[in-house]
Structures are given as C-alpha cells and as structure tokens.
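The values are calculated or read from the model by the stated rules, or taken from the named source; none is laboratory data. Since the model is a prediction, treat every value here as computed from it, not as a measurement. Cβ: placed from backbone, ideal geometry, glycine included. Neighbour counts: every protein chain shown.
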Amino acid sequence: MVKQEDMEVKSDQEETEVVNLGVDEERKKVKVGTGMSTNVQDELVALLRDYQDIFAWSYQDMPSLGPNIVQHRLPLNPECSLIRQ
C-alpha cells in the first residue's frame, strides 16, 4: 500500500509589499516578497537602493526600445464580430 503524504496547498502568488526606492517627489516603486526574513528583506531593499540608477523607470529611460516592443496590440480577426463581455 502506498502511503499518501500530507500536502499543503499554497498559492502560486507570493505576498508582496510595495517599497519606494526614491523620494516623495520622484517615487520609484518596487514590489518585494514578504516570504523572506526581515534581515534578508532589508538587505535586498538596501541593494536595490544602491543600484536604482541602473533600472529603467520610464520609457524615456529606454531610448533604443522600439515601439513594436512596447505597444499593446489586440490581434483581432476582421472576419469575426466583436462580443462585449
């Protein structure tokens, strides 16, 4: 007979909290997981603050990024009628 192990069902989404790496005038928000220890979380936030200048915070920070990558398009079939849900 096969012994069935107790399995805990967990959400695939980890809880997060929003952290502002910038200042009130120029907010730079990131989401940090809350599943780690407070010490590790503090070290991660400190690391992100130290290197915040290498992140792109807006499209203006990415001048070589083509509009074909950042534009949202809905691929619609012109032969099908639209349905509002």
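One table, with the values for the structure above:
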item: Near pairs, Cβ below 6 angstrom, 6+ apart or cross-chain, from the stretch 68-85 (within 30 Å of Ser58 (Cβ to Cβ)) to any residue that is modelled with pLDDT of 85 or more; result: none
item: Qualifying residue in the stretch 6-14 (condition: modelled with pLDDT under 85, of a type outside the set (A, V, I, L, M) and surrounded by 11 or more Cβ atoms within 10 Å (Cβ to Cβ)); result: yes
item: Residue within the stretch 48-64 that is in contact (Cβ under 8 Å) with a residue 24 or more places away in the chain, under 28 Å from Gln13 (Cβ atoms) and part of a loop (DSSP other than H, G, I, E, B) present; result: yes
